[in-house]
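Here is the structure we will look at, set down as structure tokens.
The values are calculated or read from the model by the stated rules, or taken from the named source; none is laboratory data. Because the structure is predicted, anything quoted here is derived from the model rather than measured. Reconstructed Cβ throughout: ideal geometry from the backbone, glycine too, with neighbour counts over all protein chains shown.
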Ligand SMILES: [Zn+2]
């Protein structure tokens, strides 16, 4: 059931449809947001349009780790103060950002892009698994931390990766207990995240 | 674990805990709009057939995760002229007063059920886990001992969940991993590392599920053996390879053994289109302690008495663990003789949580006036009625 903005047509309707596809926004709140944008052209619409255009042009996925940044490789991958021998594997960029917000990690990252799910038709080849194995194969990595969510799919993926990585002479660790079941990293408080990373095993 | 102070239950006007003190329905089955204001005491719901008594209990059963006491689809719950349904309740529990609500929500990708606690953000129904412990008995369960194992297994798992709220999440994770593995097998995809990861998950959750069932059956079994009133004493036994293995083998070994068998069964499971071993195939065997005969061979009335005995035993065990449930007993009084009815009311009077009883006539509930409030449900609303002492 597609709800139409009453009286709206053409670009406005397209704007409402595009907003409605954002997480957390249904058709009704999308209509409210679109109306607010149009009513406050200078303070809302123009800055948003500029920010979106700017982001679209300048932000890209890092070819090395999958992080989103204006440089490629990203600023984390090129930061000389970080330990490149430590790689923290996360599902999404949101998880990477959550760990960065907590200031809990001084190593590098690897963004998988999701989790294995046969029901959603996501296999290893839909995820950045091969690039991870290639990174480890260079011999520069000492430890891989599997910081995947404590969901069924997250833990299955962690198990799968641990098996794949067992062939390399590196240590493979997981986040410590204390991450609640079904807990998504993005929603954890900084203290819990820091503790989970510090007590990895 | 210490037992929290339960409300005294012998005095007639004593408040119950947990209890519903408000129940609001909108667009739910035959109840276009209904708002019950209740005392925190037990409830006797009286009304003719078809007036919506079971629907009302079903609404209460949806204040917990799951599909409710009829296992209905979301659309089936929708009233004839309604476009959405909503259930709201005020609960008085051990942790204080809580506002619980659940409703049908239409999204771009279809309908879903959402829930809120104390007016907070909308989440999935799983967020209601542990908020309102429930236990129910309905006429649809009369054939529990003679029908297939599936309903008995679900009944057992609800009992486990009543003592161990984490059980629901475990079952959900196990079920998801089962479907993931079968999807891979059916697609002819033999990625051994992926299958091994899923099988490791199944083995870990499977053993946890079996162990939780064993623990519940032991605790409940002890309570049932003590039964000596007009309700028969029952023996419970788990019929399942994994549950049996746990009695003689360390859990870790059972887990490894299960993972190995799953790996060995890949080809046969792919061909059968189903997972041929695992706790999702277990059963609960119930028999009469006195005669040693299986429950399914008894008369319909005796089977009902046995079910009531199990339910009362479970209510006692859960209450002793500080998890007293609200009991929903649909049309239970009508099928009992006078002596058993009185005995049931006596037992229910001693239960710390609120009890909901339904029936077509007030005469069935003589003896409940001291502990229950009477509510007459009619097509045009409800009113308080006096119960017979
Ligand atoms: Zn990078």
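Residue-by-condition table, conditions (1) part of a helix (DSSP H, G or I); (2) at the interface with another protein chain (Cβ under 7 Å from one of its Cβ atoms); (3) at pLDDT 95 or above; (4) over 13 Å from residue A:119 (Cβ atoms):
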| residue | (1), (2), (3), (4) |
| --- | --- |
| B:188 | no, no, no, yes |
| B:193 | yes, yes, no, yes |
| B:199 | yes, no, yes, yes |
| B:207 | yes, no, yes, yes |
| B:212 | yes, no, yes, yes |
Legend entry - Single residue of B:180, B:169 found to be at the interface with chain A (Cβ under 9 Å from one of its Cβ atoms), under 30 Å from residue B:248 (Cβ atoms), under 29 Å from the mean Cα position of the chain (by Cα) and part of a helix (DSSP H, G or I): B:169
Legend entry - Residue among B:383, B:316, B:291 that alone is without any contact (Cβ under 8 Å) to a residue 12 or more places away in the chain and not in a loop (DSSP other than H, G, I, E, B): B:383
Inset, instruction - Please specify each residue of the stretch B:246-256 satisfying the condition of being out of contact with any helix residue (DSSP H, G or I) (no Cβ under 6 Å at 6 or more places or on another chain), more than 13 Å from residue B:196 (Cα to Cα) and not in a loop (DSSP other than H, G, I, E, B). - result: B:247, B:248, B:252, B:253
Inset, instruction - Filter the stretch A:37-48 down to the residues that are surrounded by fewer than 12 Cβ atoms within 10 Å (Cβ to Cβ) and closer than 16 Å to residue A:11 by Cβ, then identify the one that is farthest from the chain's Cα centre (by Cα). - result: A:39
Inset, instruction - Report yes if residue B:180 is without any contact (Cβ under 8 Å) to a residue 24 or more places away in the chain, surrounded by 18 or more Cβ atoms within 10 Å (Cβ to Cβ) and assigned by TED's automatic domain parsing to the domain that holds residue B:297, otherwise no. - result: yes
